[in-house]
Every structure is written in structure tokens, then in C-alpha cells.
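Peer 1: Starting off with a structure, shown below.
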Amino acid sequence: MKKSKLSIGIIAIALVSFTVTSCKDNKQDEKSAKEDHSEMNHDNTDGHHDGNKKEMAMGGEGNSQTILNDYFNLKDALVSDDNAKAKDLGATLATSLENLDVSSNFSDTQKADLKDIIEDAVEHAEHISESDIAHQREHFKILSKDVTDMVAITGTEDTLYEQFCPMYDGGSAWLSMSKDVKNPYYGSKMLKCGKVQKEIN
């Protein structure tokens, strides 16, 4: 496990060196980013509706797909710099996490791991439900790791993209259903800062 964490750390450092230039360029291109902002928000809204359709299609509480849908809606609220909406969605996600059914289809080890992951994720989702946006983003970083760890056990019915921003808090990752980078840690300040570092099927 320690070797794995060390490898991840080395990969993260390498990614920082490759992507930091593009993020700095993004600061210089902030005007053009603002010009495209309305279009990006429109795209973001479409993603939100797609998430709702998928949630209805998957159906039911207590499954990992519901958690993912709530997570993506929360991410979109942070992308849009919407503190109030993120508070509501943090509470929704906490409830979905608590309802995850880990009673079947998992080994004893996986059940124990999932319980630990969910317990931690619920705590961060609850903090998001009662915090200012800067603090929400701090908790979203750890929440994203928890959700990624959950997906490693539960799997996913959709292709997901793990994206990485080298600028926020020494480097931070999040999950997306789109290859297009929309940064939840900076929102409109540096919307495009980051890159896809992994595809999860």
C-alpha cells in the first residue's frame, strides 16, 4: 500500500510539471474563458439534466449510481460557484451515502472497506452542507477521493474521467462524466485548469 501511495505521489508530481504551464496560460486567457462562460454553463446544465435522466433510469436508493449522480450534481454546483446549491446537494449526497447497500455482492473485505469509505464521505458531505464555498472545496477534494475509492469497489455503469488540477492545494483530483475539464476547485476563476489523468470504465 505504501509503495502504491508513493507511486501515486510520483505520478502526481509528474502531472504537475506537465500541466502547470497550461493552467498559467489559462490565467492569461481569462478574458477568452469569460467570453465562453455562458456556453460552458449551458453545457454544464445539460450535464445536470443527463445525470437526472440516468438516476431515473438506474432507479432506487441504496446504490452507487445514485451516489455518483448526487456527486456530479454537487461538482456542477461548485463549478458554477453556487454555494447555496452546493449546501443542499451536500446534504442530499450525505443521505445517499448513508443509504448505500453493502449487504450483498461484496466480499467481507470489500464490505469493511466500503463502510470506512462511506463513513468518511458522509462526514465531508455534511461539512459541505453547512460551509462557505472555499471550505466546501476543501472537503470536496477528500470527498472525491472517497467516491473514487468507492467506484474501485462497486464499479460504474458509465465511463468516468478522473481529472486533475495541479494548482489547487498541491494538486487535486475529481471525477467527471465528460472529458471536458470544468474545474470545481476554482470555478469561473480558472474553469479549464486541469487535465484528464485516467479513464474509468
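Peer 1: Let's see if you can work this out: charge +1 on each Lys and Arg Cβ, -1 on each Asp and Glu Cβ, no other charges. What is the dipole magnitude of the range 77-196 about its Cα centre, in debye to the nearest 20?
Peer 2: Value, rounded to 20: 660 debye.
Peer 1: Let me ask something else about it. May I ask which of LYS115/LYS189; LYS87/LYS192; LYS145/LYS179; LYS85/LYS145; LYS115/LYS192; LYS87/LYS189 have a Cα-Cα span longer than 30 Å here?
Peer 2: Those over the limit are LYS115/LYS189; LYS115/LYS192.
Peer 1: Residue by residue through the range 79-94, what is 3J(HN,Hα) from phi via Karplus (6.51 cos²θ - 1.76 cosθ + 1.60, θ = phi - 60°)? Round to whole Hz and write x for glycine and proline.
Peer 2: After applying 6.51 cos²θ - 1.76 cosθ + 1.60, I find 4, 8, 6, 9, 4, 5, 5, 5, 4, 4, 6, x, 5, 4, 5, 4 Hz.
Peer 1: Would you please classify the overall shape of the range 109-201 from the alpha carbon gyration tensor, given that a ≥ b ≥ c denote the square roots of the eigenvalues, rounded means a/c under 1.5, and beyond that prolate means a/b larger than b/c while oblate covers the rest?
Peer 2: oblate
Peer 1: Using modelled amide H (1.01 Å from N, peptide plane; none on Pro or chain starts), what sits under 5 Å from the amide H of ILE200, excluding residues fewer than 5 places away?
Peer 2: LEU160, TYR161, GLU162
None of the figures in this text is laboratory data; all of them are computed from the coordinates on show. As the structure is a prediction and not an experimental result, all values here were calculated from the model. Counting neighbours? That spans all protein chains shown, and the Cβs are built from the backbone with ideal geometry, glycine included.
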